[in-house]
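The values are calculated or read from the model by the stated rules, or taken from the named source; none is laboratory data. As the structure is a prediction and not an experimental result, all values here were calculated from the model. Cβ coordinates were reconstructed from backbone atoms using ideal geometry, including for glycine residues, and neighbour counts include every protein chain displayed. Ligands, DNA and RNA are stripped out before the accessible areas are found, and what is left, the full protein with its side chains, is counted by its heavy atoms. Shrake-Rupley method; radii C 1.70, N 1.55, O 1.52, S 1.80 Å.
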Amino acid sequence: MDTLALEHYLLLSAGLFAVGLVGVLAKRNVIVILMSIELMLNGVNVALVAFSRYSPVDELEGHIFAIFIITVAAAEVAIGLAILLTIFARRNTVDAAEINLLK
Amino acid sequence: MPEAAVWLIIAAPLAAAVFNGLIIRPLFGPVSRIGFDATVGAIGISFMLSLWALSVVWTDQEVVLPLHEIIRVDEFSLRIGLLLDGLTAIMLVVVTSVSLLVQIYSHGYMKEDRSYVRYYTFMAMFTSAMLTLVLANNLILLFVGWELVGLCSYLLIGFWFTRPSAAAAAKKAFIITRFGDLFFLLAILGIFLLWPEDTPVTFALSDPNAPMDLLRAGGAALTGTGLTLICLGIMAGAAGKSAQFPLHTWLPDAMEGPTPVSALIHAATMVAAGVFLVARFLPLFEEAETARTIVALIGGFTVVFAASMGLVMNDIKRVLAYSTVSQLGYMFLALGLGALGPALFHLFNHAFFKALLFLGSGSVNHATGTFDMRLMGGLRRVMPWTYGVFFIGSLSLAGIPPFSGFWSKDEILGIAWSYGGTLGTILFVLAVVGAFMTAAYIFRALFMTFHGKYRGGEAQEAHGTADAHETHDERHGATPHESPWVMVIPMAILAVLAIGSWFINFPATHWFTDLLKPLGAHVEEIQIVPAAIGLVAGLLGIGIATALYRGGAVSAPSISGPLAPVTNLLTRKYYMDELYEGVIVRSVLYERLWRFLAWFDSDKGVVDRAVNTLGLFGRNLGKGIRVVENGQLQMSLTVLSIGAVIIVAAYVVWGGVG
């Protein structure tokens, strides 16, 4: 098994997603959480592109999806940082444990 | 006879009750004399119509009036109507005539009462209910009347409800009779369940248009143990209403009501409803030998049991109450032996002479203000009329010829005598002993009340020389006097009936038996031997009473010593009240059952504890879950992720991927 197969890409994708998920769940700094979310999205992107590349029919949907996700992620980070700035302005913290108004 | 006329027998007193209760009392005040006019007028109409009904039955034997459907559920159709036959006609005449006389008498007795109109309302209501009961051609309608008379009895026993003893007596009467009614209701249910499946249940007593009705086909349709149980249920209802052992304890207490009420309800009519009921269903009992034997034995035992307590009571009304229980026992004894004629003949005679005795005791109370015979005495000089009628009633009750009580009691004795066997012998002995005791207690009462010296009446009682608690009726007779004519005349009419009511069953004509012939009665031959034994027993009783009480001595000290345990047992009514209230109600029901139920329901028991446990479970579950719901987005996400992992894992394991 010297060539790269689909499984290797998927393992990478799952690893990235898992690291991102743990970051989202465990980290307390909201900025780090946002970064972790990016990590998860990119994990997904890797999976999509890999599926597209190894698909028996020559289609581009996976690539297109990945590009859309990158776009959405950029927008999401912009909005997330804006919300974060607002929260910081009002509450003077970026600690996720302090932001518990959903209770 | 038009149907409307028969319905009017019931409707007239009912209308009087409604009129009195809803119009006279609110508009004309609680002591308006119109109440009397309405009630007496209505019952007078019922009486006339009853005589008409009697004449119709005389020629036609049985008249079944049209049945009207009032309820229909699928196959089941409840059709009510009225039935006129010999039994009904006799009861109609008894109820309306005694009721009429009692209403007239009550005008004198209740004149000063502040609830005069309420009294006449209830009395009219009772008469209407009683007439419904006897006229009903449907078991359900009969049961309605049955419960209504019980209700009226309750209302009238507790008429002076401000007195705690009256309220308690009313409650006791209602609860004990209800206890019997429960079994009656079960018997009705039993008829419903055991009725042959191919014919619908109608509960009609007699319905020529139906394939099956209760009286003609019931005995054949319902058979075996089921029929026996149904008959026993009916008997239990009858025993409650007619105060037969062991449900007799309410009747003596029911004497708390006004005396005319006792005369009408608790002597002549309602308590005879039990006898009427068993007589009505005698076709069913014919097929149930065991049930009949039990009826006869309960009756026979009650005769002696109640009469023995009558021997020692000091309250004149209680003597009469036990006497009523005992005489009703005679009727059940006869019915148990299948003798419809003698039982009803005794019911007929008893209604008159016992109502007379009660009215006499009311008259005495009117004069002296007490019912305690130890405070009476010597009244025959001041109350000659009352004395005369009471004497006639006593002779009749004691079964001395030619008074009416003799003839019917003789017939019952004759039935037991000729029935033979162990059962017949036992019943005959009980009946003779009962006859002896009857004569003794009633003449004891007569002598204590009317002979000797006057012992002070209510005034004496007020000084606390006696422990009697029976000082009723808010009447004050400083010096005893004869009662007004409005009270004497009804008593005089009843006295005439007490002498001569047997005339309708005169040995040569026996009209009475002819009336009942379609129902299975047959002419009883006069039997010299049992009649003579009964008469000797009666005379012996009178003799003993004379020996002990004629001299004016209230008690005979020479025999009271050795007999003290017996007297005590009798005075305490065989401890039956203690048994019911102390043992059954307090120890068993209250201490055990109700306490258990209270525990069962409590926090420490089952019901509340289960509820509390459930509540606590929810609360604690919430407490546990609340940790997760802390408003932290990350916690939510964690749970979400775990859930997703579980779902995927489950899919991989069980979903058969690959």
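Here are a few things to note about the model shown:
- Only one residue of B:Thr638, B:Tyr574, B:Ala11 has its Cα farthest out toward the positive end of the dipole of the protein assembly as shown, where Lys and Arg carry +1 and Asp and Glu -1 on Cβ, and that residue is B:Tyr574.
- Summed over both chains, the contact between B and A buries some 700 Å² of accessible surface at a probe radius of 1.4 Å.
- Charge tally in the Cβ shell below 13 Å around B:Tyr322, where Lys, Arg are +1 and Asp, Glu are -1, B:Tyr322 excluded: +3
- Charge dipole (chain B, unit charges on Cβ, about Cα centre) - positive-most of B:Ile400, B:Gly624, B:Ser326: B:Gly624
- A cut-off of 5 Å between modelled amide H atoms, ignoring neighbours fewer than 5 places along the same chain, links B:Asn138 with B:Gly81, B:Leu205.
- Minimum 20 Å² accessible area buried by the other protein chains, region B:595-632 residues, probe 1.4 Å, relative to alone: B:Asn630, B:Gly631, B:Gln632
- Excluding ligands, DNA and RNA, the accessible surface per residue across region B:1-60 is 49 Å² with a 1.4 Å probe.
- Longest segment of chain B lacking GluC sites (Glu not before Pro) that sit in a DSSP loop with at most 13 other Cβ atoms within 10 Å: B:198-473
- Here chain B is treated with +1 on each Lys and Arg Cβ and -1 on each Asp and Glu Cβ, and its dipole about the Cα centre works out to around 1800 debye.
- Principal axis dimensions, the protein assembly as shown - Cα atoms, whole angstrom, descending: 136, 66, 58
- Size of chain B from its Cα atoms: along the principal axes, largest to smallest, the extents are 116, 65, 60 Å.
- Charge context of B:Trp146, other residues only, Cβ under 10 angstrom, K/R +1, D/E -1: -1
- At R0 = 30 Å, FRET efficiency that the Cβ-Cβ distance of B:Ile526 and B:Val486 yields, to 0.05: 0.15
- Among the GluC sites (Glu not before Pro) found in region A:46-103, those both in a DSSP coil and sparsely packed, with 12 or fewer other Cβ atoms within 10 Å of their Cβ, are A:Glu59.
- Computed E for B:Glu75/B:Ala167 - FRET, C-beta separation, R0 45 angstrom, nearest 0.05: 0.50
- Residue by residue along B:636-649, Cβ atoms of other protein chains within 10 Å of the local Cβ number 1 on average.
- Within the accessible area of region B:15-67 (1.4 Å probe), percent carbon and sulfur: 71 percent
- Taking label points 7 Å from Cα along the Cα-to-Cβ direction, B:Phe600 and B:Ala5 give a separation of 5.7 nm.
- Modelled FRET efficiency - R0 41 Å, B:Tyr590 with B:Asn209, Cβ distances, 0.05 increments: 0.20
- Members of B:Lys453/B:Lys573; B:Lys172/B:Lys409; B:Lys171/B:Lys317; B:Lys317/B:Lys409; B:Lys241/B:Lys354; B:Lys111/B:Lys241 lying beyond 27 Å, as alpha-carbon distances in this model show: B:Lys453/B:Lys573; B:Lys172/B:Lys409; B:Lys111/B:Lys241
- Summing Cβ point charges (Lys, Arg +1; Asp, Glu -1) relative to the Cα centre of chain A gives a dipole of roughly 660 debye.
- With 0.36 nm allotted per residue and the present C-alpha distance subtracted, the B:Arg572-B:Thr638 stretch has 15.5 nm of extension available.
- Region B:207-251: radius of gyration over Cα atoms, expressed as a fraction of 2.2 N^0.38 Å: 1.53
- Cubic angstrom per residue, convex hull over Cα atoms of chain A: 108 Å³
- Around the Cα centre of region B:256-394, unit charges on the Cβ atoms of Lys, Arg, Asp and Glu (plus for the first two, minus for the last two) sum to a dipole of about 460 debye.
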